[in-house]
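**Student:** Quick one: structure below, then a few questions.
The numbers here are math on the coordinates, done by the rules we state, and not lab data. Here the structure is a predicted model, which is why all the values come from computation and not from measurement. No Cβ is skipped: glycine too gets one built from the backbone with ideal geometry, and neighbour counts run over all protein chains shown.
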Amino acid sequence: MGHDPFGAHELRTDFRGFDVLGSLHAQLSQHQNQRIGIDCSKLFWIDGHLAAPLMTVISQARLRNNNITLQNLPDDVKLILKKNGLLLNRAVDSYRTTIPVQLFGLDEEVIFADYTRRHLRRKEMPKMTPALLGKIFEGIDELFANCALHSRSPVKVVATGQFFPRGERLAFAISDGGRGVDGSLKAAGIAYRSPEDAIDWAMQSNNTSRQGDIPGGLGLKLLRDFIELNGGSLLVTSNGGVWRQSGSQVQKSRLRNPFPGTSVVFEIKTDDEHVYDLKSSPDPRDIW
């Protein structure tokens, strides 16, 4: 029986949060055929949607025939993870703040599309025309399509989300355990100095004229424009690279211990009074 501590007091949607997940992956990678309890006694906060990348780390460890359990979870954290279904004995989510944890095979894009539309059509979403909302969902679908086409993930894709009423924000996360943006670019013959530069390249809208198996621009041009207007954020972590857009600002950084795959988290400000219409967005024919 191995025993690994969870190396943080909180897990938030930032560089530090993914550095902790990378560190946990590095520790778990040393084990195979083990029963491992991850001691979470010091973990007093988790952004609920980070259950997706956490599940990717656990799934990777289970590939090596390890039995993984989360132990000594403080009550507040345990309740969050029971409400969104990461922990099996679910708790009732009476305030409807969670989008449930769901695992998807790489060929289940139709099931994923149904899941996002069922759970993200919420009254908290900023007001937008049906046409624009449809395009937002197409962008989210393309996140999944990228996992399916390029990740070669040996574990299932995980999605979940969380609404924070006090913070007035809605967060959604999708995570795979694949070869990463830099790995799929390298396989297509495009080499990058760093994993964060590879993500940055993939996020540029002008990188959509691709030959054959070269990854698309994550389908995120319209999501990026929306995030900029809304003042929300978009965080992409892939292998050792972290790329974040907050409003119109972009930051890149490097993890000490790589995350095993690609995780995309977007957060929308729900107190946004702006009414969104495709007319105020770029022509969709230029995007898709």
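**Student:** Which one, 115, 37, 60, projects farthest toward the positive side of the charge dipole computed for the chain from Cβ point charges (K/R +1, D/E -1)?
**Tutor:** 37
**Student:** Then there is this: With springs only between Cα atoms under 10 Å apart, run a GNM on the chain and tell me which of 170, 149, 63 wobbles the most.
**Tutor:** In this elastic network of the chain, the residue with the biggest mean-square fluctuation among 170, 149, 63 is 63.
**Student:** Could you work out [θ]222 nm for the chain from helices alone, using -39500 (n - 2.57) per DSSP H run of at least four and dividing by all its residues? Round to the nearest 500 deg cm²/dmol.
**Tutor:** Result for the chain: -9500 deg cm²/dmol, rounded to the nearest 500.
**Student:** Which of 19, 76 comes first, and how do the rest follow, when ranked by fewest Cβ neighbours within 10 Å?
**Tutor:** Arranged by neighbour count, lowest to highest, 19, 76 become 76, 19.
**Student:** While we're on this one: Which value, in debye to the nearest 20, describes the size of the charge dipole of the stretch 56-212 about its Cα centre when Lys and Arg Cβ atoms bear +1, Asp and Glu Cβ atoms bear -1, and nothing else is charged?
**Tutor:** I would put it at about 420 debye.
**Student:** Along the charge dipole of the chain, Cβ charges K/R +1 and D/E -1, which of 184, 73, 170 sits furthest on the positive end?
**Tutor:** Value computed over the given set: 73.
**Student:** Let me ask something else. List the residues, sorted by chain then number, that are 5 or more residues from residue 98 or on another chain and whose placed amide H is less than 5 Å from its amide H.
**Tutor:** 163
**Student:** Another question, if that's okay. Any idea what the relative contact order of the chain is, in percent, if you count C-alpha pairs under 8 Å spaced at least 6 apart?
**Tutor:** 20 percent
**Student:** May I ask you to sort 40, 147 by Cβ crowding, counting other Cβ atoms within 10 Å and putting the fewest first?
**Tutor:** In increasing order of surrounding Cβ atoms, one gets 40, 147.
**Student:** Continuing with this model, one more query. Quick one, which of (1) 50, 23, 16; (2) 29, 24, 16; (3) 32, 21, 16 is the actual semi-axes √(5λ) of the Cα gyration tensor in Å calculated for this model?
**Tutor:** The calculated read-out lines up with (2).
**Student:** Hey, got the dipole for the chain? About the Cα centre, +1 on K and R Cβ, -1 on D and E Cβ, debye to the nearest 20?
**Tutor:** 500 debye
**Student:** Moving on to the next point. For 160, 129, 98, what's the fewest-to-most ordering of other Cβ within 10 Å of each Cβ?
**Tutor:** Ordered from fewest to most neighbouring Cβ atoms within 10 Å, 160, 129, 98 come out as 129, 98, 160.
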